[in-house]
Amino acid sequence: MAALIETECYDINQGDWEGFTPLTWAARQGNQEAVELLLARDDVNPDKPNNYDETPLYWASQSGHEGAVRLLLTRDDVNPDKPDSNGRTPLVIASWLGHEEIVALLQPRSTALTSMDYA
């Protein structure tokens, strides 16, 4: 896996038919090793949304993958307040799904609370 991730023969930010990038898939699956390797690349956009405006942080938060969330939050270029196409932020989706540890990680970085946060 590391050899494939470290290969620079393709656009690492290219998404699949739904816009899921390798980083989004790694975060969604909770593959911390892949997330770490991908974030180490200078050409990776860690905040690239898919076709539904869902970012890697959104998917790690939704899926309950605390390790992936921690890794993504180490990056200043990851916006924890970026909403999906339905207006849900990573904090909203994590709280709706009861991922308390992830909510605690996101709250210090979150600056935008909306009416959806209280729904």
Considering region 8-49, residues that are of a type in the set (A, V, I, L, M, F, W, C) and surrounded by fewer than 16 Cβ atoms within 10 Å (Cβ to Cβ), and then whichever is nearest to Pro80 (Cα to Cα), we arrive at Ala40
Note on region 61-74: residues within 19 Å of Thr111 (Cβ to Cβ) and either hydrophobic (A, V, I, L, M, F, W, C) or modelled with pLDDT under 95 (or both) are Val69, Leu72, Leu73
Within region 50-67, restricting to residues that are of a type outside the set (Phe, Trp, Tyr) and over 23 Å from Glu101 (Cα atoms), the one that is surrounded by the most Cβ atoms within 10 Å (Cβ to Cβ) is Asn50
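The values are calculated or read from the model by the stated rules, or taken from the named source; none is laboratory data. Everything numeric in this text was worked out from a predicted model, so none of it was measured. Every residue, glycine among them, receives a Cβ derived from its backbone with ideal geometry; neighbour counts consider all protein chains shown.
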